[in-house]
Amino acid sequence: MKALILAAGRGTRVQPITYTVPKPMIPIINRPVMEFLVDLLRLHGVRQIMVNTSYLSNEIESYFRDGSRFGVEIGYSFEGRLEDGKLIDEPVGSAGAIRKIHDHSGFFDEPFFVLCGDAIIDLDMTAFARFHQQRRALASLAAMRVPKEAVSSYGIVVSDDSGRIEGFQEKPKPEDARSDLANTGIYLFQPEGLDLIPSRVTYDIGGQLFPDLVRRGLPFYAANIPFQWLDIGQVGDYCQVLHRTMMGGTPGFTFPGRELAPGIRVGPNVSFHPERCTVKPPVWIGASATIHDGATLLGPCYIGPGAEVLPGAHVEDSFVFDYTRVGSLAMLKGNVASGRYCV
């Protein structure tokens, strides 16, 4: 099977982080979000992956390149134009991205997954494909039950007992919700469904294609397969994911480096004497970082490669990314700090 990772958006709800980093490249400790998706797809036998890019496209393409070091083949579909030597991003919508790629080469000639590039998941993609095939669906989406009081934060899916989708509600009030199944942005399509997407126009999967499938009464199903879904929709979500990762709760993540003491790990070439600092695990320190004597690190705490924490600095429940200097008067508590942003 093949796949498309949607990676063209500006990620406005995660600003200021996305002023300089496209949403799929937001770092989860030492790996961008999208790398977790690539690894998951490879694990389930997907070897050819397309990525639609637009905003800060070079950040994505220069990291993943042709995909060979990740054990897959990756290609890119840029949505925009070149004007006065600058790339101008012009996204064409999630469904428009599918159609643009297919019109170019006929790439989607077999069932294919579509995933949003801003979430970490551990969905059994093989089981999802089996569900899709058993129902002879034209399209399927992975749904997840959410607390009734939280439905107003999600696109809600209304389906019958077999999973056949009957309608949608966009962020309904709890008293108005007809379901507690949330659309997770993970889809599976048959190539025949491409005929329903118009060419050369901006067209959206959730807002346009899916309602059209329902109106036409086509075989369209929601698969309620339990899995972890860590969605980075807003800055607060990102902080929660980082915290969960440090506590060992992110699927597909393992800490590199050596363990100095229980819960304290360091990469190579780190200058750090924990006995001369105030330290409470879990703490992870990246390669070539410098932690000066007299610094305070209270976990969960991450200090990225090349970063420097000066004497007297207080870093608590915070994440300091690559090549960032924390001054001696600084107190970080519940912060994400980088040379490019601080939240």
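Pairs linking a residue in the range 28-39 that is under 22 Å from residue 320 (Cβ atoms) to a residue that is open to solvent by 10 Å² or more (accessible area, probe 1.4 Å) and part of a helix (DSSP H, G or I), with Cβ atoms under 6 Å and 6 or more positions apart or on different chains, are 32/25. Among residues of the range 181-195 that are of a type in the set (A, V, I, L, M), those with a beta-carbon under 6 Å from a residue that is open to solvent by 10 Å² or more (accessible area, probe 1.4 Å) and not in a strand (DSSP E or B) at least six positions away or on a different chain give the pairs 182/146; 182/154; 194/102.
Applying the criterion of being of a type in the set (Asp, Glu) and under 13 Å from residue 210 (Cα atoms) to the residues of the range 143-176, the residue that is nearest to the chain's Cα centre (by Cα) is 170.
The residue of the range 328-343 that is surrounded by the most Cβ atoms within 10 Å (Cβ to Cβ), among those that are at pLDDT 90 or above and closer than 19 Å to residue 279 by Cβ, is 332. Within the range 232-240, identify whether any single residue is out of contact with any helix residue (DSSP H, G or I) (no Cβ under 7 Å at 6 or more places or on another chain) and farther than 18 Å from residue 150 by Cα, and answer yes or no. Looking through the range 232-240, at least one residue is out of contact with any helix residue (DSSP H, G or I) (no Cβ under 7 Å at 6 or more places or on another chain) and farther than 18 Å from residue 150 by Cα.
In the range 186-197 there is at least one residue that is of a type outside the set (A, V, I, L, M, F, W, C), within 27 Å of residue 23 (Cα to Cα) and touching a Leu at 6+ places or on another chain (Cβ under 7 Å). If the condition is being assigned to a helix (DSSP H, G or I), open to solvent by less than 60 Å² (accessible area, probe 1.4 Å) and within 30 Å of residue 300 (Cβ to Cβ), then the range 198-254 contributes 235, 236, 237, 238, 239, 241, 242, 245, 246.
Looking only at the range 50-73, count every residue that is under 24 Å from residue 109 (Cα atoms) and in contact with a helix residue (DSSP H, G or I) (Cβ under 6 Å, 6 or more places away or on another chain) and tell me the total. Count: 6.
Which residues, taken from the range 72-88, are within 20 Å of the chain's Cα centre (by Cα) and part of a strand (DSSP E or B)? The answer is 73, 74, 75, 76, 77, 78. The lone criterion from (1) at pLDDT 90 or above; (2) more than 27 Å from residue 236 (Cα to Cα); (3) part of a strand (DSSP E or B) left unmet by residue 260 is number (1). A residue that is among the acidic types (Asp, Glu), part of a helix (DSSP H, G or I) and under 25 Å from residue 252 (Cβ atoms) can be found somewhere in the range 52-71. Taking the criterion of being open to solvent by 60 Å² or more (accessible area, probe 1.4 Å), of a type in the set (D, E, K, R), in a loop (DSSP other than H, G, I, E, B) and free of Cβ contacts under 8 Å to residues at least 60 places away in the same chain, would at least one residue in the range 283-294 satisfy it? Yes, the conditions are met somewhere in the range 283-294. For residue 35, the criteria (1) touching a Gly at 6+ places or on another chain (Cβ under 8 Å); (2) surrounded by fewer than 21 Cβ atoms within 10 Å (Cβ to Cβ); (3) among the charged types (D, E, K, R) hold in every case but one, which is (1).
The values are calculated or read from the model by the stated rules, or taken from the named source; none is laboratory data. Since the model is a prediction, treat every value here as computed from it, not as a measurement. Every residue, glycine among them, receives a Cβ derived from its backbone with ideal geometry; neighbour counts consider all protein chains shown. Accessible surface areas use protein heavy atoms only, side chains included; no ligands, DNA or RNA. Shrake-Rupley method; radii C 1.70, N 1.55, O 1.52, S 1.80 Å.
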